[in-house]
Amino acid sequence: MWNLSFISESDFTAHVRATIEKYGDKLESFDLDRFNKNIVDPIKLIFDKTVYRTSWEETIGNEIFRQRDKSNNNDIGYFHQKIFKYIKNCHVPENGTEGGWDVIYKNPNGIQLPDGSIVHTVYVEMKNKHNTMNSASAGKTFIKMQSQLLKDDDCACFLVEAIAKTSQNIKWETTVDGTKVSHKLIRRVSLDQFYALVTGRADAFYQICMVLPEVIKSVVDNAGEQLVPHDIVFEQLNAMACKSGIEKRDVAIAMAIYMLGFGSYTGFSK
């Protein structure tokens, strides 16, 4: 049974499917050419294998995962932001429009903040992780929020962090041009607290997390082979090792990996 009252099962499933589709070419299988497109560091791979005591197959698999993962954070940002278009009173503007806000939450009945203040609109800047902004970026974001408060005296501005240090809805204190600044209507809010505010359910984010694994599995299973990459990098390296004439398999595979980065270097080119 579907127990989430603030989003329908069909909407949630559609959103999970759209997020997975955003992975795009990262779901394509890896062969040796793609694996070495930016030239891997053979020395690092050999240190990783030996220090972490993994097999060559695991080491290559870990490197493929790392390469895929480098650009996946943007796709998860899509998940965290776009889901709010399915939640009552929330609006997700198109990129670069309506002031560049990630989410706009309006409630005609009023939105009560922890200090007792009541506003009717919340403008949201969303970040994946609490430490993704440097001081310059934080200052720019704070100034943007100050500007919004000057335009609209019946609003608050939130910096919502998917992975915050702790569950919180606090006044955001940062530094702009070397000066510490804060405002009671400019707030730093963890994702669970934002869900609680817009849904009226204190554990709304927890509920999302509890159904998410099963829904992802269902979407992937229904997509069949389309979403399952078949990486052949290790098989290709193993074939190179077999042709090398080196008897010790570990050394032969190490040589195949050396050739990825050092194939034209003196000694290796022989």
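The values are calculated or read from the model by the stated rules, or taken from the named source; none is laboratory data. Computed from a predicted model, the values in this text were never measured in an experiment. Cβ atoms come from the backbone with ideal geometry, glycine included; neighbour counts cover every protein chain shown. Please note that ligands, DNA and RNA were not included when accessible areas were found on the heavy atoms of the full protein model with its side chains. Shrake-Rupley method; radii C 1.70, N 1.55, O 1.52, S 1.80 Å.
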Anchor LYS180: lysines whose Cα lies under 20 Å away (excluding residues fewer than 8 positions away in-chain): LYS140, LYS144, LYS171
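Quick check: net charge around PRO114, other residues with Cβ under 10 Å of its Cβ, Lys/Arg +1 and Asp/Glu -1? Intermediate values should be presented prior to the final figure.
On the way: positive: LYS171, LYS184, ARG187; negative: ASP115.
Spelling it out: positives minus negatives among the neighbours equals +2.
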Accessible area per residue, Å², the chain with all protein chains present, probe 1.4 Å: 58
Between region 98-167 and region 228-270, the Cα center-to-center distance that results, in Å: 52
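Express the carbon and sulfur contribution to the solvent-accessible surface of region 144-270 as a percent, rounded to the nearest whole number, probe 1.4 angstrom. Spell out each step's value before the answer.
Details: 3980 of 7550 Å².
That fraction is 53 percent.
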Neighbour cut-off at most 16 other Cβ (10 Å), DSSP loop, trypsin sites (Lys or Arg not before Pro), region 29-71: LYS37, ARG53, LYS70
Reported label for calculated Cα extents along the principal axes in Å given (1) 76, 53, 32; (2) 58, 47, 30; (3) 77, 43, 26: (1)
Axial C-alpha extent at least 27 Å, average Kyte-Doolittle at least -0.5 - helices from the chain (DSSP): 204-223
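About the Cα centre, and with charges only on the beta carbon of Lys, Arg (+1) and Asp, Glu (-1), how big is the dipole of the chain? Nearest 20 debye, please.
On the way: 32 positive and 34 negative charges, 141 e Å.
The dipole magnitude comes to about 680 debye.
Just to confirm the filter: which chymotrypsin sites (Phe, Trp or Tyr not before Pro) across region 19-80 are DSSP coil and have at most 10 other Cβ within 10 angstrom of their Cβ?
Details: sites: TYR23, PHE30, PHE35, PHE47, TYR52, TRP56, PHE65, TYR78, PHE79; in loops: TYR23, PHE30, TYR52.
Qualifying residues, ordered by number: TYR52.
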Fraction of accessible area attributable to carbon and sulfur, region 27-121 (%, probe 1.4 Å): 49
